[in-house]
Amino acid sequence: MSGVGLDPKTAPTFPMAAKAMLGDTQLRKNVRHATDVIQGKRARVVGEMPDWQELREAGRQIRQHTMKYLDFYLEEFEANCTRAGGVVHWARDAEEARGIVVGLVKASGSDEVIKIKSMTTEEIELNTALEAAGIHAFETDLAELIIQLGEDRPSHIVVPALHKNRQQIREIFQRKMNLPELGERPEDLADAARMFLREKFLRVKTAVSGANFLIAETGGVCVVESEGNGRMCLTLPETLITIAGIDKVLPRFQDLEVMLQLLPRSATGERMNPYNSIWTGVDAADGPRVFHVVLMDNARTEILADEEARQTLNCIRCGACQNACPVYRQTGGHAYGSVYAGPIGAILTPQLQEMQHAQSLPYASSLCGACYEVCPVKINIPEVLIHLRNRVVRQNTAGVAGFFDVEAGAMKAMAMIFRSERRFRAVQRLGRVAEGPLVHKDGQGEGWIRWLPGLLGGWTQVRDLREMPKETFRDWWERRGDNGN
Amino acid sequence: MATDTVTNSTRDEVLRRIRAATGGTSDGGVAKAGWEGIARDYRRKGTREREGVLALLEDRLRDYDARVVRVAGGRVAQSVAEMLAERGVRRMVVPVGLPVAWLPAAAGAGGVEFVVDEGLSSGDLDDFDGVMTGATLAIAETGTFVLQSVAGQGRRAATLVPDYHLCVVRAEDVVETVPESMAQLQRTAGLATTFVSGPSATADIEMTRIKGVHGPRFLDVILIV
Ligand code: SF4
């Protein structure tokens, strides 16, 4: 079936993975630092826009409108792109998309490709497919290069290597680029990457990119980036293959005026990112001679069909929701078991997976609403999360979902207990006796429960519980009354 | 061809799924009317007077560590010569169609060699110290200038491979907001277009901004007033 290519089917469930990540203090420190910095910058540049809310609303309406008429805009894009000399391909799922790209690279006569950072190619695990076909892919975005050389996985949509600090990056570069003398200043590391990749840019004849936007009106493609590696890949090779989800289309060129204000400020906290490239088909005197676009479904039409979850497709992949999410900030991206982490990953991944896998992800949120606040196109992520939780519960009675049914059952029992004072007191007394063997004292002499038995186990799977007080407020109040003080 | 058949049936299948999801085939007229109805209550036009717009552009560019100078039309060549001397560059590539009056030959080039890009290879471009171009327009609010594949601005590769970029912008081509820039670019929307905001940069290592990973590391702007 469709949503294939992502990792979560083999990844551990979120609660299990998160637990492991919480033990990695270095990772948590790195993630917290990076997300703090981006959030600070974002707040500053968003604050200087008097019309931010109006831009968000326009962004939301443009995306919503596009999804409603998606067939029309995709056909318009195809016609205009073809007229300008591009070749448009369609792929139902990840496997078809990989097959098309591998075929096109082979047809270009190259056994190497240079790649621009693209979450879509991560989603379909393109690099593995290329390697299997004897084609070596060089990631050219600095963060993706760190991930590739470190044999790691991306942990953020915009800053995929934010979980690594400079010492860790230096160690990877020393080893993989054979540079034992390499310093650890960020400048040294960037210089090493520049030297390492320059030769590839000038030599490799085929490039693979993703797309930030496809413009139906002109058949143009827009890629937004910082380092110039994107421009290198789009400009220098003879063949360029762009792969994009069918959700990436924008109706008109003018719509970029909204997206190019919303995206950079939300993603990296810059007024504009250093480079935006827009190109339409091929130009005899400038850039590649051969240009292909692969339009990929990979479960996006299933999301489109679910009216309550459809807004997931409005996402412009800015990553702001990840930086704002208290859960993501604690666990980092890898716990989500998917290239799409954080709040957007929690709603996108299960849908790309047809709910077969990653069913714990809709629960990986405290529903605090921070993601909705920052989303530049106003995707109501908490609303979609709750909708997906309902779907999980409805569609399944076994496995992970069964466990959450139990949580729902436990909540019902709690409600029953809270409604009666007698029952509430009885449970409190019982609890104090029963918890005894489970309590561990921490360094400050506070008691914590890390594990609860039976049906209550789900609660402590993701959090520690404070030991119950020796005396309840009610008990104290009554005793105080009795003593007459 | 066999692959064409496969592609066509895939295309039809994807479009069929979309239509099943959205409730039928879209009517182009209805789609266009719907697009017209999108609320656009954001700022379309800037509010600053001319001097304010230019000052804003300068401020934003400096924020990106670009150097900016204002010169009168007749003094561009002189100013170029000074900039290049300060930067210590020796070999500059220039696009076909760059105004000759901007080149400091007459004003004394200080030994800088200018080579016109008539299809130089990427390897050749790598041997230059810098590139000098004009621009279609600049956006004050974001500190951006826009390059297109036209005379005087050249091929995208030429403004990318050398380590230094000197861009000459006319004050009358400076707009305040992003929507104003898009309105102007609409006529030539099909050309290869690059928005440049400061030198190339990355923040991938501990969120520390580092200039010039792959594109030009140094950027100067001459504003003709
Ligand atoms: S859901 Fe919104 S905030 Fe999150 S990545 Fe997508 S566009 Fe950005």
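The values are calculated or read from the model by the stated rules, or taken from the named source; none is laboratory data. Quantities reported herein were computed from a predicted structural model and do not represent experimental measurements. Using ideal geometry, Cβ is built from the backbone for each residue, glycine included, and neighbour counts are taken over all protein chains shown. All accessible areas refer to the heavy atoms of the entire protein, side chains included, with ligands and DNA or RNA removed. Shrake-Rupley method; radii C 1.70, N 1.55, O 1.52, S 1.80 Å.
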### Task
Could you state how much accessible area A:LYS248 has, in square angstrom rounded to the nearest 10, with a 1.4 Å probe and all protein chains kept in place?
20
### Query
Accessible area, 1.4 Å probe, largest first: how do A:LYS68, A:LYS176 sort?
A:LYS68, A:LYS176
#### Entry: Residue order for A:ARG98, A:ARG479, A:ARG175, A:ARG252 - accessible surface, 1.4 angstrom probe, largest first
A:ARG175, A:ARG479, A:ARG252, A:ARG98
### Message
Modelling each spin label as a point 7 Å along the Cα-to-Cβ direction, I'd like the A:ARG32/B:ARG44 distance in nm, to one decimal.
### Response
4.8
## Note on the structure
Here the Kirkwood hydrodynamic radius of chain B, Cα-based and in Å, equals 20.1
### Query
With r defined as the distance between the Cβ atoms of A:ASP51 and A:GLU478 and R0 fixed at 51 Å, what FRET efficiency is calculated, to the nearest 0.05?
0.30
### Query
Taking N as the number of residues in the stretch A:26-87, what is its alpha-carbon radius of gyration divided by 2.2 N^0.38 Å?
1.83
### Task
Give the angle, between 0 and 90 degrees and rounded to the nearest 10, that separates the Cα long axis of helix B:2-22 from the longest principal axis of the Cα atoms of chain B.
70
### Message
Per residue, how big is the convex hull of the stretch A:86-167 when only Cα atoms are used? Give it in Å³.
### Response
103
### Query
Percentage of Cα-Cα pair distances in the stretch A:159-212 greater than 15 Å, rounded to whole percent?
56
### Task
For the stretch A:216-307, just run the numbers: alpha carbon Rg, then divide by 2.2 N^0.38 Å, N being how many residues it has.
1.20
### Summary
Which of A:LYS41/B:LYS45; A:LYS106/A:LYS200; A:LYS29/B:LYS211; A:LYS19/A:LYS117; A:LYS41/B:LYS211; A:LYS29/A:LYS164 exceed 21 Å between C-alpha atoms? The answer is A:LYS41/B:LYS45; A:LYS29/B:LYS211; A:LYS19/A:LYS117
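Tell me the mean residue ellipticity at 222 nm calculated for chain B from its helices only (DSSP H runs of n ≥ 4, each -39500 (n - 2.57), averaged over every residue, nearest 500). Working shown, then result.
Working: 6 runs with 68 residues, N = 225.
That comes out to -9000 deg cm²/dmol.
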### Message
Placing +1 on the Cβ of each Lys and Arg and -1 on the Cβ of each Asp and Glu in chain B, which of B:GLY190, B:ALA66, B:GLY134 has its Cα farthest towards the positive end of the resulting dipole?
### Response
B:GLY190
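With every protein chain kept in the model, how would you rank A:LYS470, B:LYS211 by accessible area, 1.4 Å probe, largest at the top?
So the residues, ranked largest to smallest area, are A:LYS470, B:LYS211.
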### Task
Round to the nearest 10 and give me the degree value, 0 to 90, for the angle of helix B:76-87's Cα axis relative to the longest principal axis of chain B.
80
### Query
For chain B, what relative contact order do you get, as a whole percent, if you take Cα pairs closer than 8 Å and at least 6 residues apart?
23
### Task
Shielding by partners for B:172-183, please: the mean number of other protein chain Cβ atoms within 10 Å of each residue's Cβ.
3
### Query
Chains A and B: what accessible area do they bury, summed, in square angstrom to the nearest 100, with a 1.4 Å probe?
7600
### Message
Largest first, please: the extent of the C-alpha atoms of the stretch A:1-160 along each principal axis, to the nearest Å.
### Response
46, 42, 30
